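Q: One structure coming up, written as C-alpha cells, with questions to follow.
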C-alpha cells in the first residue's frame, strides 16, 4: 500500500515536472502579474495617460525575472522578447485587464475562486523559473553555487527585485524601500527555492529533482492560497527568521556609535531614511497593525516604512505600511 | 519622363544610402547634441564646476544610442569608445561649444541658417542609426521583430531614452517624467522609423531599403526644419495618436477604483505624480501654452508636467512645461 | 653602488609585481572597505534592521570594481561571485566587523597603527586591479586606449563610482552628488593609475610594467598614509588641477546665458543642485573648513556640497561637507 502510494506520488511528481508552462500556466502568471500592476497606486492613471508606459511596466512585471537574470549573466536582456508568442500573449492580457469595457476581465479574474486558481497556477511557474535559472547558471559556473542561487532567485523573483526601476517607468521613485531592505514574502520564498535547488543540483541535497519540484510547488501553492483565504500577511518564515536573527545578529547594541555617527548629531530625515525611527513610530505601527509581522525585531530583512518627508508624515507612513502589507500578497512575483 | 524621374530618384536614394556619416554628418550630430546639452538648465554650471562630469554627459548625449543598444544586446557598452577618432571628434566639439572664448562657437552654430543645416544633417544620421540597430538585431534574432524594433529604437533615440540617468550624472533627478511617460517628438519619430525598417527587413513592407531610407530621411528632415522655422511643438503624429487613443484606450472610465485606490483615499503628491492633475493645472497649462499639444486627451504617451513638490509649485510646473516643450525641439536625439 | 641600488630596486619591484593578493592583501581590502561602509551614516541601522541588505552593500563595496568592469565589457557581473573563497572571506569579515560582540573587531582594526597597515595593504590591491582592468580591456581593444582607461578605472574605483546605487540598496538616495561631479581622492588617483598603465601598455610610456607598478604603489600608499596621519583632505593633485583648470576651462564667463537660462529665471533648488551656490555658502564653507581644498575654483571635478532641500539647510551642508571630506579618506575605494 505504502509502496503504491509512493509510486503514485513519484509518478505524480514526474508528471508534474514534465508539464509545459505554455500557454496556460504562463497565461495565469501574466494575468496575476498585470492585475497586481493594476492594483498599484496610480497605475490606472498611467494607463489612461500613457498606455505605452503602462505596457512597458506590464512587460517588466511579466518578464522581469528573465530580464534581470540576463543582465546578471551578460546575456541579452531582450532575449525573452524574441519569443514573440509569449510577448503577444502577455500584451493581449495586459490590454484586456486594463482596457476591457466596464473592466470586465479584471472583475472576473478578481472573483475569489478564479483568483485562487490563477494564483496557484502562477506559483507553479515560479518553480520552473527558479529551476531554470539555477540550471542555466550551473552550466557556466559548475562550482559557483552563489551565482546559481543569485540567478535562480533573479529569474523567479526578478519583477519584485527590480521594482524600484519598474516604478520609475511610471514616474514613481521610492528610494527608502526596496526588496532587499524590506523583502516581501514572494521574494523570500523564491530565495528559499533557489537555495534548495542549488543544493540539489550540487548534490548536497539527496532528493531527486522532480520530487523537490513537487514538494516546493506544493509548499508555495498551499501557503499562497492560505494567505489569500485568511487575508493574512504573516509570513511562515517569521519564527525561523526571529530565531536566526537572535542567534546571529542580535549582539549588535542599539546605538552603536561610529566616527560618522559622532560627527553627525542631527541626522537629516530627508536623506537617511534607514535611521532608527523614533520609538513612537514603531509603537504606533505595531498598535495599529495589530497582528502584523513585527517590524524589526527578529526579522532579517524588514525595515519599518519610514517616509522621507519628515516626522509630520507619521499617519501616512502607517497607512503606507498597512496598504503595502496588503498589497504584498498581490504583488507580481 | 516619369521613368527618368523615377530613375533619378532611385539613383538619388541609392546614392544617399551609400553616404558615409563620418566625418561631416557625425560632426553635425555631435554639435547639435552638445548644444542641446548646453541649453539644459544648469548645464553651464556643471561645465564650470566639473568639466569631467560635463564631458561625460556630452558623451552620453552623443553616443547614448550605441551604449543603450549595447546594453540591451549584451554587447560591450564601451565598444563605441574604441572608435577613438569619433570620440576625439566629439570631445573637441564639446570643448569648443562649452569653452570657446566669448562662446564664439555656440553663437555661430546658433545662427538660424547654420543651425537648420546642422539639424538637417543630424536628422540624417538618425536613419543610419535606426537601420544599423534593426540590422544588427536581425542578425541575432531573425524572427524577433520586437527585438529589432527595440534595438533600432534604442540606437536611434538612446540619448533621450536614458535621459533620467544622463541628468543624474549632472546631479539632477526628475523621476516624475521620462521618455516613456512623456515621449518627445524625436523619440516618437525614431520609434516609427524602427517599426518601418523592421517591417521592411522582415519583408512585410514591399519597399527597397534605399528607397525607405530616402523617404524616411526626407520626412524627418522636413518635419524638423518646419518645426524649427515655425517654432511649433505640434507633433505631426497628434491626429493619428488621438484617433488610435479613442479607438483603443478610451473605454477606460475616468476614475477606475481598484482595491488599492479604495484603500488609499489621499494620494501623496510627492510620490505618485502620475495621478490626475487638478483640473485647474490642466486648464492653466493649456491657456498659457496656447497652441501647445493637448496634454492628455488622445495622446498615447503624454503626461502633464506635474511637479513632485506639491501644489504650491503650480506656477513653476507651467513654466517647466513651457520650457521643456520649447526645449524638446532642441533635445539631443 | 648605483648599479647595485638599481638592481636591488629592480629586484624589489619584480618581486612585488609577483605577489599574490590572496589572501592577505584581499583581506585587508575587505576589512577596510567594510569598515568604511560601517562608518557611513545609517549603515549600522541597516545592519540592525536588514542584515541581508547590509551584506549586499558590503559585497558592492568589496567587489564593486569587478562588477562595474564586467557590466562595461558585457561580461557576467556575477563572475566575481563564482570565486567562492573570496566571497566567503569577504562575508566572514563583514560579519565580524558588524556583529562581533562589543564591536571588538571594528575597534581593533580602528587602532591607528593597525588601520595604517591595513590601508597600505588595501592601496596595494588598487594597483593590481587597475592593471588587471587595463590588461583585460587591452586584449579585446588593442587600440582602444579610452576603453582601457575606463575599464582600469572602473576595476580600481568601481565601488566609489557606483556609490549612488550602493546607497540605494540601503534606502538612501542622494542624486545631487556623485563621483563624477565631486570626485574623491581615491577615484582621482585610480584614474591617474589607469592612464599611466594604459600609456605603458600602449608603449607610450617607456617604463617596464613592474617598475611602474612599484612606483605607482609607493606613491598611493605614501599619500594615503600621509593623509591619514595628518588628518588632511588636501589632495596632492590640487595644484595641478588648478593649473589645468585655469589653462583649459577658465575662459567660461561666470553667468553664461543660454536660451534655457533666459527662460528659467528662478532655478529650482530642489532640482538643479549643481547651480551656483550663493556666495555666502561658498564663503562660509571656506571659512569653516579653513585649509580645505578650495571648493570650485580651479578644481576640475569639485562641486560644493549643495543640499537639495533649500537654503534653510545652510548649516547642515557645511557639516556635510566637513563630514564627507573626512569620510573620503576612509571611503571604500
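Since every read-out is calculated from the coordinates, none of them should be taken as a lab result. Keep in mind it's a predicted model, so treat the numbers as computed, not measured. Because the Cβ atoms are built from the backbone with ideal geometry, glycine has one as well, and the counts that use them run over all protein chains shown.
Q: Sort shortest first the distances from residue C:192 to its counterpart in every other copy, using label points 7 Å along the Cα-to-beta-carbon line, and give them in nm.
A: 5.3, 5.3
Q: Now, a different point. What's the exposure ranking of B:226, A:18, B:126, going from fewest to most Cβ atoms within 10 Å?
A: On the way: B:226 12, A:18 8, B:126 24.
Fewest to most other Cβ atoms nearby, the residues stand as A:18, B:226, B:126.
Q: How large is the translational diffusion coefficient of the stretch B:123-194 in µm² per second when you combine the Kirkwood radius over alpha carbon pairs with Stokes-Einstein at 37 °C and 0.692 mPa s?
A: Working: Rh = 12.7 Å.
D = 258 µm²/s.
Q: From the label point of residue C:243, set 7 Å along Cα to the beta carbon, how far off in nm is each other copy's matching point, shortest first?
A: Label-point distances to the other copies, shortest first: 6.7, 6.7 nm.
Q: Would you kindly work out the equivalent ellipsoid of the stretch C:132-171 from its C-alpha gyration tensor and give its semi-axes, the square roots of five times the eigenvalues, largest first in whole Å?
A: 27, 8, 7
Q: Where the centre of each part is set by its Cα atoms, how far does the stretch B:45-110 sit from the stretch C:84-103, in angstrom?
A: If you average the Cα positions of each part, the centres end up 42 Å apart.
Q: If you take each beta carbon of peptide A:35-44 and count the beta carbons of other chains within 10 angstrom, what is the mean? Walk me through the numbers on the way to the answer.
A: Working: counts 2, 1, 0, 5, 6, 4, 11, 11, 6, 12.
What the average comes to for A:35-44 is 6.
Q: If the label for residue B:232 sits 7 angstrom from Cα along the Cα-to-Cβ line, what are its distances to the same label in every other copy, in nm to one decimal, shortest first?
A: 6.5, 6.5
Q: Need one number: nm distance between label points at residue A:231 and residue B:228, each 7 Å from Cα along Cα→Cβ, rounded to one decimal.
A: Result for the modelled spin labels: 6.1 nm.
Q: Would the stretch A:1-138 count as rounded, prolate or oblate if I go by the C-alpha gyration tensor, calling it rounded below 1.5 in a/c and otherwise prolate when a/b exceeds b/c, oblate otherwise?
A: On the way: a/c = 2.80, a/b = 1.42, b/c = 1.97.
In terms of gyration-tensor shape, oblate.
Q: Looking only at Cα atoms, what is the convex hull volume of the stretch A:65-161 per residue, in Å³?
A: Numbers: hull volume 10.1 nm³, N = 97.
Value for the stretch A:65-161: 104 Å³ per residue.
Q: Please work out the Kirkwood hydrodynamic radius for the stretch A:3-56, using every pair of different C-alpha atoms, and report it in angstroms with one decimal place.
A: The answer is 14.1 Å.
Q: Also: Give me the inter-chain shielding for A:181-190: mean count of other chain Cβ atoms within 10 Å, whole number please. Numbers along the way, then the final one.
A: Details: counts 11, 4, 3, 0, 0, 0, 0, 1, 0, 0.
Counting Cβ atoms of other protein chains within 10 Å of each residue's Cβ and averaging gives 2.
Q: Same structure, new question: Viscosity 1.567 mPa s, temperature 4 °C: Stokes-Einstein D of the stretch B:107-257 from its Kirkwood Cα radius, in µm² per second? It would help to have the intermediate numbers written out before the result.
A: Numbers: Rh = 17.3 Å.
Stokes-Einstein gives a translational diffusion coefficient of 75 µm²/s.
Q: Can you put A:218, B:162, C:31 in order, fewest other beta carbons within 10 Å first? Could you put the intermediate results ahead of the total?
A: Numbers: A:218 15, B:162 21, C:31 25.
Listed from fewest to most nearby Cβ atoms, that is A:218, B:162, C:31.
Q: Something else now. For the rotation that superimposes chain B on chain C, which residue of B has the C-beta lying nearest to the axis, and at what distance in Å?
A: B:74, 3
Q: Inside 10 Å of the C-beta atoms of C:163-172, what's the mean count of C-beta atoms belonging to other chains? Kindly include the intermediate steps, with their values, before the conclusion.
A: On the way: counts 0, 4, 0, 0, 4, 6, 5, 9, 16, 8.
For peptide C:163-172, the averaged partner shielding equals 5.
Q: Can you run the Rg to Rh ratio on the stretch A:151-235? Use alpha carbon positions and the Kirkwood inverse-distance Rh. Intermediate values should be presented prior to the final figure.
A: Details: Rg = 15.3 Å, Rh = 14.5 Å.
Rounded to two decimals, Rg over Rh is 1.05.
Q: Hey, any idea what the orientation-averaged projected area of the convex hull of the stretch A:86-139's Cα atoms comes to, in nm²?
A: Values: hull surface 18.1 nm².
Averaging across all directions leaves 4.5 nm² for the Cα convex hull.
Q: Would you mind estimating how fast the stretch C:53-118 diffuses translationally, via Stokes-Einstein at 4 °C and 1.567 mPa s with the Kirkwood radius over Cα pairs, in µm²/s? Could the numbers behind the result be given before it?
A: Values: Rh = 13.3 Å.
In µm²/s, the coefficient rounds to 98.
Q: Here's another thing I want to ask about it. Give the order of B:92, A:169 when sorted by the count of other beta carbons within 10 angstrom, beginning with the fewest.
A: In increasing order of surrounding Cβ atoms, one gets B:92, A:169.
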